1. Go through the stretch 50-86 residue by residue and tally those that are in a helix (DSSP H, G or I), hydroxyl-bearing (S, T, Y) and surrounded by 14 or more Cβ atoms within 10 Å (Cβ to Cβ).
2. When the residues of the stretch 138-176 are filtered to those that are in contact with a helix residue (DSSP H, G or I) (Cβ under 6 Å, 6 or more places away or on another chain) and aliphatic (A, V, I, L, M), which remaining residue is surrounded by the most Cβ atoms within 10 Å (Cβ to Cβ)?
3. Which condition from (1) buried (at least 17 other Cβ atoms within 10 Å of the Cβ); (2) more than 23 Å from I83 (Cα to Cα) is the one that L127 breaks?
4. Working carefully through the options D24, D57, find the one that is more than 19 Å from the chain's Cα centre (by Cα) and modelled with pLDDT under 90.
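The values are calculated or read from the model by the stated rules, or taken from the named source; none is laboratory data. Everything numeric here is computed off the predicted structure, so don't read it as measured data. Cβ placement follows ideal geometry from the backbone for every residue including glycine, while neighbour counts extend to all protein chains displayed.
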Amino acid sequence: MVGVAAFAYAFSHFLLYIVDQHYDLVHVASEIALRFYLTIGFVALLGLAVLTSTSTDAMIRRLGAPRWNKLHKIVYVLAALGIFHFYLQSKADVSEPVMMTGFYLELMIYRFAIKRAPVWAATAAALVLGVGLTALLEATWYFFRRHYDFWEVLAANVDPDMFPRPAFTVAVVGAVALAVLLGRLYLTRRRASRTLAAAE
């Protein structure tokens, strides 16, 4: 459902662009072909359309679960393309795309780590690495695109006058996720110990 909702959002975004261009579909098509950030966004939209069209029970049966799962793994690439589209169209201020990238990085790090570590460790790794990479990415983007001093942008993450930076928001969301997880683990263990004590 999240994927279908993402397609609905992206398609609405595309329709609003058509409205903004006064329904001139030839102009819209030429803009998509000529403007790189629009090309990237349109490719992501087409990919989401393919995934949405194969999200029914009938299509899952027709493709078979292994092939369906393999196809739907491209959603990670499409999400990255969508974020890149957001960066390119944001021009000067990329705070929101950086923040979205931070959330994306946290999720990807978690998915990688959960196969190799306990859930609490995977969540903690996603928090720490996601925040660090978000700050580094922001400084790198501004260095290459705007020629700002890399270390000054990085230092802005601990400057109260520049509060809040995207990395801070990513840190808060990651910390809340970790706190909720640890709370659930604590309650689960407490219930288990009570059940064990009652059984004895």
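1. We begin by selecting, within the stretch 50-86, every residue in a helix (DSSP H, G or I); these are 50-53, 57-63, 65-72, 75-86.
The next check asks that each one be hydroxyl-bearing (S, T, Y); those that pass are 52-53, 76.
So of that shortlist, the ones also surrounded by 14 or more Cβ atoms within 10 Å (Cβ to Cβ) come out as 52.
Going through the stretch 50-86 one residue at a time, the tally reaches 1.
2. Of all residues in the stretch 138-176, those in contact with a helix residue (DSSP H, G or I) (Cβ under 6 Å, 6 or more places away or on another chain) come to 138-139, 142-143, 148, 150, 153-154, 156-157, 162, 165-167, 169-171, 174.
Remaining after also requiring aliphatic (A, V, I, L, M): 139, 153-154, 156, 162, 167, 170-171.
Details: A139: 22, V153: 20, L154: 18, A156: 18, M162: 13, A167: 25, V170: 27, A171: 22.
Per the criteria, the residue is V170.
3. Here L127 meets the rest and fails (2).
4. So the residue among D24, D57 that is more than 19 Å from the chain's Cα centre (by Cα) and modelled with pLDDT under 90 is D57.
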